[in-house]
Amino acid sequence: MSESTLSRRGEIATTTELRTDMALFFEANGDLWHKKKNPDGKFPLNLAENNQSWDLLKSKMEDILKNNSIPDWVSNYTGIIGHPSFLESIAKFMSKHVTRCKINPDHLGASAGSTAVIELCAWVLCNHGDVAILPAPCYPVYTQDIKMKAGVERYDLITHHDISELKSGPLLNTGHLATAVRSLNQKGKIVKFLLLTNPDNPTGLVYSDTQIIQIANWCVKNKIHLIVNELYALSTIDTSHKDLKDAYPDKFKNQSFAQVIHSMNSDYLHMIYGFSKDFGISGMRIGIVYSKNEEFLKAYNNLAAPHMVSNLTQWIVQEVLSDKNFLKRYIKKNIESLTQSYVTVTKTLDKIKIPYAPSRGSLFVWMDLSEFLSENTEEAEQVLWRALYDEQGVLLTPGTGFGHTKRGQFRLVHSFLKENALKEAVKRIKKFVENKRRKNTETK
Ligand SMILES: Cc1ncc(COP(=O)(O)O)c(C=O)c1O
C-alpha cells in the first residue's frame, strides 16, 4: 500500500467510523416499507430522528418565510456563539419550557449541534488522555465526539447487569463514581468529567432530583466537571397514559439541571440542550451549552468559530420561538405523538415478553433480545441484528457501541416512522421473536 499523505491523526480518522449502522440506515431509508407500493420494504428504526411533528413545524416555518422579510444581519458574520437576538430568544424559551428557571443569555453558547458542543466541552475541560465517565449503556457517538479531536477517553461505568434492574430508574450513585475514579486513578488516569444524558439515550430513563443533586455535590467536591445533556428534555413520555400508568407506580420528581446549577453556583456544572430531537430538526444543527463558568465560556467562544450555527437557521428558529401559542401547541402534540409511538412498541413487547427499560423520555426503547443469542459475544449480537434486518426488514442499533457488557440488547427509535409503518415494524419483530422461539423449542 502506498504511504499515506495524511497526518497521523488524519490516518486514524480514515478508519474511525462514526457508527457501524449508518450505511444500512441509508439503504433501508431508500427502500421504505409501504403497504401497497413496497410491501417488502424496510423499517429503519436505528437513527435518532423525531419525524412525529415536522408537518406542524414545517408549515410554521413556511408561514414565517412567506410573511417576513429576512433581516440583514443574516447575511453577515455575527457572534461566534450566537447572534444576540437569537441567544435572547433561546434564553426566554429555555426559561419557560426547558429549565423552568431564569436563564441569562450571557451564560449561553450556540454551536452547530450538540455534537459540536460536546466536542468543545471535551476540548476545553480536558487534556489529551484524560478520562470522561459515562454510565453504561450510553450513546455510542460520544466516543468519537470526545476522542477524535480532544483525545479524551471514554470510561463506561457499569451499574447493573440486567435490564430488569432498571425498573425504578437509573442506578448510578456516588459509590459507583468513587470506585470508578479510584480504580482509574490507580492506573494513572485523570477523570475530568462525568457526562449524563437526561432523559437518557438509549434507556429513556430519567435521573431523579435527589440523585442528580447527590451526584452534583460529589462531582464538585471531587473537582470533576458534571455535564448534563438535556437534549431530550421535551421529548417526554406521558406516564399517566392509560396503557402506561401501571408501569410507573412510584412518585417521581425531576428538575432541569439548570436549577441545580443555579442553587450550587459552581464552575464544575454545565448543561447541554439542542433542537435536533425535541424539534426534530437535526438537519438545522443547533446545540446549546449553558454554564456559569465564565472562564469556560471564554475559551469555548474562542474555539467555536468552526462550529457556528448558520444565521438563517438562527433567525427562523428565533421567529418560531417568538410564537408562544405555537410553542405550546407543538410541545403538547409532540409529547402526545411520542407517547403514542412508545405505546405502540411496548404493548407488543409486553405481549411477547421481551424485557425493556421503562422510558420516561427520549425517542427510544432499549430492549433485551439476548435470549436469542447463541453466546454472549459481539459476533453473536451482530448475527442476530442482521437476521432481524434480513428476515423482517427491521433495522435496530446493536448494543455493542453503547458500552454495556451484556450482549443482545438493542435500541429501537420509535419516532422515526409514521404510526402505520411502526405498527407493521412491531408486527415483524413479533413474528421474528415467535419464529425464533418456535425453532428453539423444536431443536431442544
Ligand atoms: C445524547 C445525544 N447527544 C448528542 C446527539 C447529537 O445531536 P446533535 O444533532 O444536536 O448534534 C445525539 C443524537 O442522537 C444524542 O442522542
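The values are calculated or read from the model by the stated rules, or taken from the named source; none is laboratory data. No experiment lies behind these values; they were computed from the predicted model shown. Every residue, glycine among them, receives a Cβ derived from its backbone with ideal geometry; neighbour counts consider all protein chains shown. In case anyone asks, the SASA skips ligands and DNA or RNA and just uses the protein heavy atoms, side chains included. Shrake-Rupley method; radii C 1.70, N 1.55, O 1.52, S 1.80 Å.
Scanning the stretch 114-134 for residues that are open to solvent by 10 Å² or more (accessible area, probe 1.4 Å), within 10 Å of the ligand (Cβ to nearest atom) and farther than 14 Å from Leu195 by Cβ yields a count of 0. Would it be correct to say that Leu422 is part of a helix (DSSP H, G or I), open to solvent by less than 10 Å² (accessible area, probe 1.4 Å) and either at pLDDT 95 or above or of a type in the set (S, T, N, Q) (or both)? Against the criterion (part of a helix (DSSP H, G or I), open to solvent by less than 10 Å² (accessible area, probe 1.4 Å) and either at pLDDT 95 or above or of a type in the set (S, T, N, Q) (or both)), Leu422 qualifies.
Within the stretch 213-223, the set of residues being at negative phi and open to solvent by 10 Å² or more (accessible area, probe 1.4 Å) comprises Ile213, Gln214, Asn217, Trp218, Val220, Lys221, Asn222. Annotation: of all residues in the stretch 177-187 being in a helix (DSSP H, G or I) and either open to solvent by 50 Å² or more (accessible area, probe 1.4 Å) or closer than 18 Å to Asn198 by Cα (or both), the one that is nearest to the ligand (Cβ to nearest atom) is Leu177.
If the condition is being in a loop (DSSP other than H, G, I, E, B) and in contact with a strand residue (DSSP E or B) (Cβ under 6 Å, 6 or more places away or on another chain), then the stretch 214-233 contributes Ile224, Glu230, Leu231, Tyr232.
Conditions (1) more than 29 Å from Ser263 (Cα to Cα); (2) away from the ligand (no atom under 14 Å from the Cβ); (3) among the hydrophobic types (A, V, I, L, M, F, W, C); (4) not assigned by TED's automatic domain parsing to the domain that holds Lys353, marked per residue:
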position	(1), (2), (3), (4)
His83	no, yes, no, yes
Ser89	no, yes, no, yes
Cys101	no, yes, yes, yes
Ala110	no, no, yes, yes
Tyr142	no, no, no, yes
Gly175	no, yes, no, yes
Lys192	no, yes, no, yes
Leu196	no, no, yes, yes
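Restricting the stretch 257-292 to residues that are farther than 22 Å from Tyr342 by Cα, among the hydroxyl-bearing types (Ser, Thr, Tyr) and within 16 Å of the ligand (Cβ to nearest atom), the residue that is surrounded by the fewest Cβ atoms within 10 Å (Cβ to Cβ) is Tyr290. Restricting attention to the stretch 76-113 and to residues that are open to solvent by 10 Å² or more (accessible area, probe 1.4 Å) and of a type in the set (Ser, Thr, Tyr), the residue that is farthest from Asn265 (Cα to Cα) turns out to be Tyr77.
Just to be sure, is Ala247 in contact (Cβ under 8 Å) with a residue 60 or more places away in the chain, more than 16 Å from Thr115 (Cβ to Cβ) and open to solvent by 10 Å² or more (accessible area, probe 1.4 Å)? Judged against the criteria, Ala247 is a match.
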